[in-house]
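Remarks on the structure that follows.
The values are calculated or read from the model by the stated rules, or taken from the named source; none is laboratory data. All values reported here derive from a predicted model rather than from experimental measurement. Glycine also receives a Cβ, built like all others from the backbone with ideal geometry; neighbour counts cover every protein chain displayed.
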Amino acid sequence: MQLMMRHALLTLGALLSATLPAVAADSPPIASPKDIHWGAPPPKFPAGAKFAVMAGDPASNGLVTVRLEMPAGYAIAPHFHPTDEHVTVLEGTFSLGMGDVVDKAHALTLSPGGYAVAAANMHHYAYTKGGATIQVHMQGPFAMTYVNPADDPSKKAAP
């Protein structure tokens, strides 16, 4: 019995060690703040924020992690996504509310470490009074639909 157990454990160990390089290759990179590449957000977001993809590909299927750095006064009109959106506040304060219109009296303001989930297809809006950096985890591909199509920055004519 001990010999069979030892053989089973050795076999399991060999299988695990053979798959570790494949798992490591699929794992997201480790990044220090200086390694994060910030750029403009996708056109669906209002101008003025900075955007960084931490892991995954927002245009493809699979887990995606992004960061959004928003200046003071930044707001995102009511919208929804086809998948759950998991939001963690890293810096500043970030307000999130549910519904088809912005109602700041009923929004929840989160400070660093705060966490919220906007469920798939849930209409929500967001804003920051003093600026904030958030991290969002979601299933790709990323999609965003504004409740009022006139609020969609990607549909507005360039000046």
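Taking strands (runs of 3 or more DSSP E) as the structural unit, those lying wholly within the range 55-159 and holding at least 1 residues that are within 19 Å of Pro43 (Cα to Cα) correspond to 62-70, 75-80, 85-92, 124-127, 132-140. Determine if the range 36-50 includes at least one residue that is outside any loop (DSSP other than H, G, I, E, B), closer than 30 Å to Glu85 by Cβ and modelled with pLDDT of 50 or more. Taking every residue of the range 36-50 in turn, at least one turns out to be outside any loop (DSSP other than H, G, I, E, B), closer than 30 Å to Glu85 by Cβ and modelled with pLDDT of 50 or more.
Screening the candidates Gly92, Gly114, Gly99 for the property of being surrounded by fewer than 16 Cβ atoms within 10 Å (Cβ to Cβ), at pLDDT 95 or above and of a type outside the set (Ser, Thr, Tyr) yields one hit, Gly99. For the range 61-78, the condition of being of a type in the set (Asp, Glu) and either exposed (fewer than 13 other Cβ atoms within 10 Å of the Cβ) or under 14 Å from the mean Cα position of the chain (by Cα) (or both) holds for at least one residue.
In the set (1) of a type in the set (Gly, Ala, Ser); (2) farther than 23 Å from Gly131 by Cβ; (3) at pLDDT below 90, the condition left unmet by Gly62 is number (3).
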